[in-house]
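Where a number appears in this text, it was derived from the coordinates with a stated rule and is not lab data. Computed from a prediction, not measured in an experiment: that's the story for all the values here. Cβ sites come from the backbone with ideal geometry, for glycine too, and all protein chains shown count toward neighbours.
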Amino acid sequence: MEKSLVLIKPDAVERNLIGKIIGRIEDSGMKLLALRMLLMGRKLAEKHYAVHADKPFFKGLVSYITSGPIVACVFGGENAVEVIRGVMGATDPAKAAPGTIRKAFAENIERNSVHGSDAPETAKEEIALFFSDKEIFG
Ligand code: IDP
Ligand code: MG
């Protein structure tokens, strides 16, 4: 079964959207396999977003993602990465399709409510930053 890491970001936790976001992903047929609320530290944030280290928005992104509690989840299912990216919508809510999480909830291109892995290989690396094997039920 393919797995994906989902993070419910600080802007969404702040606005009481945890249940709604998990519900939308469950409604897409994906199974919740692991769940934890945490405050990301700077080191974890820099590792998780390492691919963006050279981008102009990197500093702001690390500061935002560490600014308040997040909810980390592992979801599993057929084509989990692609299905969840579809439910999330485009990075920029102004470009996100109607009916997607980001269209419904994101505040802007940075405070966009949710993270989802972009490929099965990156999902494996990302999941390992947040969960041990025995914390994943599937
Ligand atoms: P993704 O989350 O849709 O995969 P990425 O390009 O991987 O998008 O960017 C990671 C995160 O960095 C985004 O979700 C968003 O929070 C932030 N981000 C991306 N592009 C910008 C930007 O142009 N300005 C500010 N923040 C950005
Ligand atoms: Mg990405």
task: Report yes if SER63 is surrounded by fewer than 16 Cβ atoms within 10 Å (Cβ to Cβ) and either in contact (Cβ under 8 Å) with a residue 40 or more places away in the chain or in contact with a Cys (Cβ under 9 Å, 6 or more places away or on another chain) (or both), otherwise no.
output: no
- prompt: For MET88, all conditions in the list (1) within 14 Å of ligand 2 (Cβ to nearest atom); (2) over 21 Å from GLU14 (Cα atoms) hold save one; what is the number of the exception?
  reply: (2)
statement: In the range 37-60, residues that are surrounded by 16 or more Cβ atoms within 10 Å (Cβ to Cβ) and more than 14 Å from ligand 2 (Cβ to nearest atom) total 3
task: Give, as residue ranges, the helices (runs of 4 or more DSSP H) completely inside the range 16-74 that count at least 1 residues that are of a type in the set (Asp, Glu) and farther than 16 Å from LEU129 by Cα.
output: 18-27
field: Identity of the residue in the range 39-88, among the charged types (D, E, K, R) and within 12 Å of ligand 1 (Cβ to nearest atom), that ends up nearest to GLY29 (Cα to Cα)
entry: ARG85
statement: If we keep only residues of the range 75-95 that are under 17 Å from TYR64 (Cβ atoms) and part of a loop (DSSP other than H, G, I, E, B), then the residue farthest from the chain's Cα centre (by Cα) is ASP92
query: Take the residues of the range 96-131 that are part of a loop (DSSP other than H, G, I, E, B) and closer than 17 Å to PHE75 by Cβ: which is nearest to ligand 2 (Cβ to nearest atom)?
result: ASP118
